[in-house]
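Enquirer: I have a structure I would like to understand better, so I am pasting it below and will then ask my questions one at a time.
No value in this document is a laboratory result; all are computed from the given coordinates. All figures in this text were calculated on a predicted structure; none of them were measured in a lab. Cβ placement follows ideal geometry from the backbone for every residue including glycine, while neighbour counts extend to all protein chains displayed.
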Amino acid sequence: MRFENVSALVEALAPEAGAMGFHWRDQRGIICNQKSVFRVNCMDCLDRTNVVETAIGKAVLESQLVKLGLSPPYTPIPEQLKSPFMILWANNGDIISRQYAGTNALKVLNATLYASTF
């Protein structure tokens, strides 16, 4: 897989990701709502699909952290969130793979792919 292609895709999707918003609510009520979602179709490889979904999720999380004032712009995901984020997406890959193929995702491949997105 060419990770520069994944990065280019995420950069190209940035305007749409920003426009879709996210659900944010505090004790006074709704601040904003999410207007849409990304759908990633698997053409030939669930692991590649999960890499793209992970990259989009990472970009959206970074954007949300900035909007919430929890992280400065253009900074990576904070250290304390990296492991839970990677575990979440590894589990997502396993669940989808079990649904489609009856087996877990390729852990060695996924661990390498996820680590390279940080």
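Enquirer: Can you give the FRET efficiency to the nearest 0.05 for residue 74 and residue 8, using r as the Cβ-Cβ distance and R₀ = 22 Å?
Expert: Details: r = 17 Å, r/R0 = 0.79.
Efficiency computed from Cβ-Cβ geometry: 0.80.
Enquirer: How far apart, in nm, are two points set 7 Å out from the Cα along the Cα-to-Cβ line at residue 103 and at residue 27?
Expert: My value for the distance between the label points is 5.2 nm.
Enquirer: Further question on the same structure: Using the Cα atoms of the stretch 4-67 to build a convex hull, what is its mean projected area in square nanometres?
Expert: Numbers: hull surface 20.0 nm².
Dividing the Cα hull surface by four gives the mean projection, 5.0 nm².
Enquirer: Tell me the net charge near residue 96. Cut-off is 11 Å between Cβ atoms, residue 96 excluded, with +1 for each Lys or Arg and -1 for each Asp or Glu.
Expert: On the way: positive: 98; negative: 47, 53, 94.
The answer is -2.
Enquirer: Looking at the square roots a ≥ b ≥ c of the eigenvalues of the Cα gyration tensor of the stretch 1-110, which shape do they give, rounded for a/c under 1.5, prolate if a/b is larger than b/c, or oblate?
Expert: Values: a/c = 1.73, a/b = 1.68, b/c = 1.03.
Prolate, since a/c reaches 1.5 and a/b exceeds b/c.
Enquirer: Contour minus end-to-end for residue 45 and residue 66, with contour as 0.36 nm per residue of separation and end-to-end as the Cα-Cα distance? Write out the running numbers ahead of the final one.
Expert: Details: separation 21, 0.36 × 21 = 7.56 nm, distance 3.23 nm.
Once the chain is fully extended between residue 45 and residue 66, it gains 4.3 nm.
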